[in-house]
Amino acid sequence: LKTDFELVVTFDWHSYARVILPNTYSRAVCGLCGDADGDPANDFSTPDGHQATGELQFGDSWKVAEVPGCWAGCTDGCKVCTEAEKRPYRGDKHCGLLVKKGGPFAACHDVIDPQPFFSDCLFDTCLYEGHQETVCRSLSAYVTACQSEGVAIKPWRTAAFCSLVCPPHQHYELHGPTCPPTCHGQTEPEPCEMSTTNATSTTEGCFCDAGFLRSGDHCVPLARCGCIHDGRYYKAGEDFLPDPRCFQRCSCRGAGTVECWPTEGCGEGEVCAVRDGVRGCYAHECGRCEVLGVVSYRTFDGRPLAFAGTCAYVLATVEVDGPQDPLAPFLVEVEKESGEGGRKGVRKVVVNAYGVTIGMGKGEEWEVDGERHLLPLALAEGALTVSQEGTHRVLLTQGGLKLLYDGDSYVVLTLPVAYHGRTRGLCGNFNGDPGDDLSTPEELGAAWGTLTPTCTHGDPPPTCPVDKLGPCAVLLEKTGPFVGCHGVVDPHEHVASCVQEQCGQPGAATLCRSLQAYAAACQAAGGQLQEWREATKCPFSCPPDTVYELCGQRCSGTCAGLLATPPCSHKCFEGCRCRDGFLFDGADCVPMDQCGC
């Protein structure tokens, strides 16, 4: 990123960020980067102008917001590697390659001092117990700095050391162009000054093969390049709404051709707005369908259902009207437990979308097309992602489908308004009319269940007095632990299902399942859940090497997250996180040096 006042910001999408400012900003800036006055001794200034007593106090003083799931880290007794612990990483197979005389970076030593990079590499690599990806990122940061000064780095990556795997139609180059050919540049010039000091700068990375051009984050043949409209680039086949009132729709037909036609604007319940940089018709409210325990359901249109079937059922599906239909097809099924051995709830959730079948079982079990994988994972070229968020699995699709399963008895399926009137299954047709959703067990089981010798569609659950809230009333308490959720998730619907569940199977275990369902819905919607388990006597146990958190981001604390940015929802959920020095490798916590590849 470069501005007209010569601010240059570089970020490698992982761990290296660099800010360059002209000298005119000396003593006029503040923050973690200091005041740029040439004196490193006063760089620990806090926002109130005082000098911090240490790095921890200094770093915490510049925190800009409370980000859900983030924590300050260690407060006392922070691990500091001794020189003896750093010694194994001083060799050529680790950080020592940075300062090796005659090594691949030697030509840069007189231009950029490698010692600060070497010290940082030792610090990080020791804390991450020698994980190679940590070394690679440290070396890559030095390469970026050197190449920005026009220094020619010698080859340093090998098949066994810091190898870079490129996407389809791309290849690795050590000295690639800072401004590679793009589809955008074929139709109009684009500014591309990545260096402020040397016109001969190069950069390493993945570059398009011969005959291909960069289109967004993909490489495509020239014939499949997109279009420029009002200065913005659109991929071939991409539709967009250029009119601020959404009364015009355009489509990029490829090869620079844009076709536009008038529309009637947004539909009922929609608003024309820009979200995540994209203008479109967005729903005021998305459709939500929930499985709320053993017998309770709520359709997209808000109709409560009491259904005790123990078979596999279609929760929701959609049939598209040919290849021109903009809706992405999907199928969501739930398999209920029979109750044998005291087990109750949802045994398994199966989602089929974008040609991939995801099976999420009770507890930590899940699979893709019948094979086990580690979370988090992006599938179908990023069109579908699955992540572990606290105790929950969260599945997101490019078409707007979102599913959360708490691994026990709560499932919530959210759809955008584009699916209005198009769905079928236990969740109903999402047409705004709860009256035409099926209601009796006979109708539901016959229409959407698969009857086998080991399951039944069940007898109608008992009719429960809705005025006797009993222990479920804690969800409504104005001073209770769930009050911070009331503004984002209506508690009355969950109270009704809680009463229904208690009526059929009273007891603490059933109550805790209902409360956990509301807690999950609250955190998924961004509510402020307070500590609730101790007050309601719903204990939560964590496996070895983990600790309980009310608001954490387990998704990012994984071995997979060391290698690439994981597809996380960025919401916080309660659950167990690995203790310091450990990361999730599947369902287990392992020391960082035991993470795989």
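The values are calculated or read from the model by the stated rules, or taken from the named source; none is laboratory data. Computed from a predicted structure; not experimentally measured. Cβ: placed from backbone, ideal geometry, glycine included. Neighbour counts: every protein chain shown.
Tell me which residues, restricted to the range 525-544, are modelled with pLDDT under 85 and either surrounded by 15 or more Cβ atoms within 10 Å (Cβ to Cβ) or under 15 Å from the mean Cα position of the chain (by Cα) (or both).
Ala525, Gly526 - these are the residues of the range 525-544 that are modelled with pLDDT under 85 and either surrounded by 15 or more Cβ atoms within 10 Å (Cβ to Cβ) or under 15 Å from the mean Cα position of the chain (by Cα) (or both).
For Val291, are the conditions met, namely being without any contact (Cβ under 8 Å) to a residue 12 or more places away in the chain and among the hydrophobic types (A, V, I, L, M, F, W, C)?
No.
Out of the range 216-235, which residues are at pLDDT 85 or above, under 19 Å from His171 (Cβ atoms) and out of contact with any Ser or Thr (no Cβ under 9 Å at 6 or more places or on another chain)?
Listed by number, the residues that qualify are His218, Cys219, Val220, Pro221, Leu222.
Determine if the range 357-364 includes at least one residue that is surrounded by 15 or more Cβ atoms within 10 Å (Cβ to Cβ), under 18 Å from Cys576 (Cβ atoms) and among the basic types (Lys, Arg).
Looking through the range 357-364, at least one residue is surrounded by 15 or more Cβ atoms within 10 Å (Cβ to Cβ), under 18 Å from Cys576 (Cβ atoms) and among the basic types (Lys, Arg).
Condition check ((1) surrounded by 12 or more Cβ atoms within 10 Å (Cβ to Cβ); (2) touching a residue at least 24 places away in the same chain (Cβ under 8 Å); (3) in contact with a strand residue (DSSP E or B) (Cβ under 6 Å, 6 or more places away or on another chain)) across all residues:
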position: Gly216; (1), (2), (3): yes, no, no
position: His229; (1), (2), (3): yes, yes, yes
position: Tyr233; (1), (2), (3): yes, yes, no
position: Arg245; (1), (2), (3): no, yes, yes
position: Glu259; (1), (2), (3): no, no, yes
position: Gly265; (1), (2), (3): yes, no, no
position: Gly277; (1), (2), (3): no, no, no
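Within the range 249-268, can one find any residue that is of a type in the set (Val, Ile, Thr), modelled with pLDDT of 85 or more and outside any strand (DSSP E or B)? Outline the logic, then answer.
So in the range 249-268, the residues of a type in the set (Val, Ile, Thr) come out as 257-258, 263.
Keeping just the survivors that are modelled with pLDDT of 85 or more gives 257-258, 263.
Adding the requirement that they be outside any strand (DSSP E or B) leaves 263.
Within the range 249-268, one or more residues are of a type in the set (Val, Ile, Thr), modelled with pLDDT of 85 or more and outside any strand (DSSP E or B).
Conditions (1) out of contact with any strand residue (DSSP E or B) (no Cβ under 8 Å at 6 or more places or on another chain); (2) at pLDDT below 90, marked per residue:
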{"site": "Pro434", "(1), (2)": "yes, yes"}
{"site": "Leu444", "(1), (2)": "no, yes"}
{"site": "Val466", "(1), (2)": "yes, yes"}
{"site": "Gly487", "(1), (2)": "yes, yes"}
{"site": "Glu501", "(1), (2)": "no, yes"}
{"site": "Ser514", "(1), (2)": "no, no"}
{"site": "Ala519", "(1), (2)": "no, no"}
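Could you check the range 288-398 for strands (runs of 3 or more DSSP E) lying wholly inside it with 2 or more residues that are under 30 Å from Pro167 (Cα atoms) and of a type outside the set (A, V, I, L, M, F, W, C)? Please lay out each step first, then the result.
Working: elements: 296-298, 304-306, 312-318, 330-336, 346-353, 356-361, 366-368, 377-379, 384-389, 392-397.
Those strands (runs of 3 or more DSSP E) span 356-361, 384-389, 392-397.
Only one of (1) closer than 29 Å to Ala525 by Cα; (2) modelled with pLDDT under 85; (3) surrounded by fewer than 16 Cβ atoms within 10 Å (Cβ to Cβ) is not met by Ala308, so which one is it?
Exception for Ala308: condition (3).
Given the structure, is Cys498 at negative phi and surrounded by fewer than 22 Cβ atoms within 10 Å (Cβ to Cβ)?
Values: at negative phi: yes; surrounded by fewer than 22 Cβ atoms within 10 Å (Cβ to Cβ): no.
Against the criterion (at negative phi and surrounded by fewer than 22 Cβ atoms within 10 Å (Cβ to Cβ)), Cys498 does not qualify.
Are any residues in the range 106-118 surrounded by 14 or more Cβ atoms within 10 Å (Cβ to Cβ) and closer than 15 Å to Arg90 by Cα, and if so, which ones?
Pro114, Phe117, Phe118
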